[in-house]
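One structure is given below, encoded as C-alpha cells.
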Amino acid sequence: MKHAGPAALDQLEPILEEIRRLGGLKEKKRGAFYCGSIGFLHFHEDPAGFFADLKIDGDFVRFPINSKTQTQTFLRRAAAALNSAKSARRHADAD
C-alpha cells in the first residue's frame, strides 16, 4: 500500500481541512501530520480505497476513509488521539 500521492490528496482535501482545524499539528508535507516531532497521521491509497494511519497510544492504527460513516469515525478518533497526545506532552513537560 503506497502513501497517498498528489491526486489522492486532492480527493482527500475535505478530510485534510478537517484535520487542520483540529489545531496542534504540523503538516510537514501535504497529508503528513506531526504532533511535535512525532509522526501522527498520514494517508495511503490502494485499489481498495483510501486509508489513514493514525497514531494511537504509540502505534499506528489504519482507518478506511471511503464513506461518510468511515470518515466521521476516523475524524472522531483523530480528535481523541490528538487530545490524548497533547495531554501526554503536557504531563511530560511538567515532569
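Just need a number here: residues in the stretch 7-40 that are more than 12 Å from the chain's Cα centre (by Cα), without any contact (Cβ under 8 Å) to a residue 12 or more places away in the chain and over 15 Å from Leu82 (Cα atoms).
Of the residues in that region, 6 qualify.
Hey, can you tell me all the residues within the stretch 1-21 that are of a type outside the set (Val, Ile, Thr) and open to solvent by less than 60 Å² (accessible area, probe 1.4 Å)? Before the answer, list the steps.
Taking the stretch 1-21 first, the residues of a type outside the set (Val, Ile, Thr) are 1-14, 16-18, 20-21.
The answer is Ala4, Gly5, Ala8, Leu9, Leu12, Glu13, Leu16.
For Ala94, are the conditions met, namely being modelled with pLDDT under 95 and surrounded by fewer than 19 Cβ atoms within 10 Å (Cβ to Cβ)?
Working: modelled with pLDDT under 95: yes; surrounded by fewer than 19 Cβ atoms within 10 Å (Cβ to Cβ): yes.
It is true that Ala94 is modelled with pLDDT under 95 and surrounded by fewer than 19 Cβ atoms within 10 Å (Cβ to Cβ).
Taking the stretch 48-80 as the region of interest, how many residues are out of contact with any helix residue (DSSP H, G or I) (no Cβ under 6 Å at 6 or more places or on another chain) and assigned to a loop (DSSP other than H, G, I, E, B)?
5
Confirm whether Arg21 is touching a strand residue (DSSP E or B) at 6+ places or on another chain (Cβ under 9 Å) and of a type outside the set (A, V, I, L, M). Let's see the steps before the verdict.
Numbers: touching a strand residue (DSSP E or B) at 6+ places or on another chain (Cβ under 9 Å): no; of a type outside the set (A, V, I, L, M): yes.
For Arg21, the condition - touching a strand residue (DSSP E or B) at 6+ places or on another chain (Cβ under 9 Å) and of a type outside the set (A, V, I, L, M) - is not met.
The values are calculated or read from the model by the stated rules, or taken from the named source; none is laboratory data. Small disclaimer: the values here were computed from a predicted structure and weren't measured. Don't worry about glycine lacking a Cβ; one is built from the backbone with ideal geometry, like all the others, and counts go over all protein chains shown. Protein only, heavy atoms only, side chains kept; ligands, DNA and RNA dropped before computing areas. Shrake-Rupley method; radii C 1.70, N 1.55, O 1.52, S 1.80 Å.
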